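To start, the structure under review is shown below, and the notes come after it.
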Amino acid sequence: MIFTKSFTSRIEEARELIDDADYLLIGAGAGLSAAAGLTYSGKTFEQEFQPWIQRYHITELYTSSFYPFETEEERWAYWAKHIWFARFRIGATPLYRQLLELVSEKPYFVLTTNVDAQFEKAGFKQDKIFATQGDYAYLQASSGENKTLVYNEEWVKEAIAATHDCRIPTEMIPRHPETGEALSPNLRCNDTFVEDAHWHQQAKRYRQFIKEAKDKRLVLLEFGVGYNTPGIIRFPFEAMAAGFPQTSLIRFNANDIQLFTEGVKRYIPFTEDINRSLTELEQIDINIL
């Protein structure tokens, strides 16, 4: 499929769809946070993780998550730094605030696989965010059996302060406050991922939003969603755009704009930089539309 419309004409069409929408559903993947400047490699990473780079030869944040540390003291010293770097180091980024300004006047909902809480930080309503893959700010029972999550910000700060030689003191290894069980980050990486009461509540709210919006003018705004977990956002969004009578899909993706679902009636793709696209969507003179 080849798309030949100019950037300006696509911006005009997208803004008109957004202005006329009854509901807006945002689907956000890692590409949105990357566009916001939240990269997990490069100069800042190298500065912050220099001791770990020298000792363990890690190269970037994602793959280092799987490093086989020999001791729990080493493992949790690393994870304290990792969580701080990805979750608590930076507040709301301008791009996420800009996105909120674009959608805030309409009924909206956010479905995201990102675990950095940027939507929450930017001011999106918490009951309108479904973070399906977890949140760096929480730890869970490693077994997945206990469904109570543990907020970790205070522990992260204390662990970083106590880290010496890439280790924390043994007594600082986190344990579940109810059971004493070993903990792990609440990130979906295997079948022990804990879907707590809040997770299920947001899943229900997401389903209810879709139920209310499916026969109305629904616009799907998909940002930076690749193929790591296409069954969460990418493919369902295409299915809704094909199956719901008045639904449009606007996809922002530098590399992967191709549709895999037949029957999508209203589709506008952007390979241009997300920052530029959102700025143009905000600044375009709606009187000319």
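Taken together, the values in this text are just the output of simple stated rules run on the coordinates, not laboratory data. None of these values were measured; they are calculated from a predicted model. Here the Cβ is made from the backbone with ideal geometry for all residues, glycine too, and neighbour counts use every protein chain on show.
Its DSSP H runs of at least 4 residues, each contributing -39,500 (n - 2.57), put the calculated 222 nm mean residue ellipticity of the chain at -11000 deg cm²/dmol, to the nearest 500.
What FRET efficiency would be calculated for the residue pair residue 271, residue 161, taking the C-beta separation as r and a Förster radius of 51 Å, to the nearest 0.05? Display every interim value, and only then the final one.
Values: r = 44 Å, r/R0 = 0.86.
It comes out at approximately 0.70.
Angle of helix 274-283 to the longest C-alpha principal axis of the chain, folded into 0 to 90 degrees and rounded to 10: 50°. Only beta bridges with both residues in the range 153-279 are counted; by DSSP, about 15 percent of them are antiparallel.
In straight-distance terms, cross-link reach from residue 204 covers every one of the aspartates and glutamates whose alpha-carbon lies under 15 Å from its own, apart from those fewer than eight places away in the same chain; here that gives 127, 195, 196, 212. The alpha carbon gyration tensor of the range 151-289 gives principal lengths a ≥ b ≥ c with a/c of 1.5 or higher and a/b greater than b/c, which makes the shape prolate. Across the chain, the relative contact order, built from alpha-carbon pairs under 8 Å that are at least six residues apart, equals 25 percent.
The antiparallel fraction among DSSP beta bridges confined to the chain stands at about 25%.
Taken over the chain, the convex hull of the Cα atoms encloses 136 Å³ per residue. Helix 197-213: angle to the longest alpha-carbon principal axis of the chain, degrees 0 to 90, nearest 10? Roughly 0 degrees between the two axes.
Run through the range 26-62 and list the GluC sites (Glu not before Pro) located in a DSSP loop whose Cβ has at most 15 other Cβ atoms within 10 Å.
On the way: sites: 46, 48, 60; in loops: 60.
Sparse-neighbourhood loop GluC sites (Glu not before Pro): 60.
Based on the alpha-carbon gyration tensor of the range 234-289 and its eigenvalue square roots a ≥ b ≥ c, which shape applies: rounded if a/c is under 1.5, prolate if not and a/b is larger than b/c, or oblate? Because a/c hits 1.5 or more and a/b fails to exceed b/c, the range 234-289 counts as oblate.
Roughly what angle does helix 153-162 make with the longest principal axis of the chain, taking Cα atoms, 0 to 90 degrees, to the nearest 10? For helix 153-162, the angle is close to 40 degrees. When peptides 247-255, 88-96 are ranked by their average number of other Cβ atoms within 10 Å per residue, the highest-first order is 247-255, 88-96. Taking each of 5/106; 128/211; 128/216; 5/214; 121/211; 147/211 in turn, the alpha-carbon distance tops 23 angstrom for 5/106; 5/214; 121/211; 147/211.
Could you tally the net charge around residue 219, taking each other residue with its Cβ under 12 Å from the Cβ of residue 219, Lys/Arg +1 and Asp/Glu -1? Here the count lands on 0.
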